Amino acid sequence: MKCLDCGRKGNATEAIGICHHCSAGVCDTHGTLVSDPVTVPAVVMGRRVLPQRARLLFCNHCLAALRQHGVLEVKEDWRADEPASGTAMAERQKQF
């Protein structure tokens, strides 16, 4: 699978995954991993947030669209402390 955004620019970059929102192929440059709280029903509080978070991959277009009105609140950007390379993201994904 190839990255949709790279393909539109005339490049054939391998995708590292698909966008959680639009299902487009995304490369490391055009995708961002974010953490997502996992909740379960709780009798007293209504919902309980579990300690371990799930991860979601979004293309930059969908991420910007979801951030417009606070639809998606990014608690942690896993790429913020890593170099922008497919290898770095792949290594990080193996950890989870």
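The values are calculated or read from the model by the stated rules, or taken from the named source; none is laboratory data. The model shown is predicted, which means the values in this text are computed figures rather than measured ones. Glycine gets a Cβ as well: all are built from the backbone with ideal geometry, and neighbour counts include every protein chain shown.
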- If a residue has to be at negative phi, polar (S, T, N, Q) and at pLDDT 95 or above to count, how many in region 1-29 make the cut? 0
- Out of all the residues in region 11-53, which are over 15 Å from L63 (Cβ atoms), among the small types (G, A, S) and in a loop (DSSP other than H, G, I, E, B)? A12, A15
- Message: With the requirement that a residue be surrounded by 13 or more Cβ atoms within 10 Å (Cβ to Cβ), touching a residue at least 60 places away in the same chain (Cβ under 8 Å) and farther than 17 Å from R67 by Cβ, what does region 1-37 give you?
- Response: I16, D28
- Exactly one of V71, V40 is surrounded by fewer than 13 Cβ atoms within 10 Å (Cβ to Cβ) and modelled with pLDDT under 85, and that one is V71
- Message: If T32 satisfies all but one of (1) hydroxyl-bearing (S, T, Y); (2) in contact with a strand residue (DSSP E or B) (Cβ under 7 Å, 6 or more places away or on another chain); (3) at pLDDT below 70, what's the number of the condition it fails?
- Response: (3)
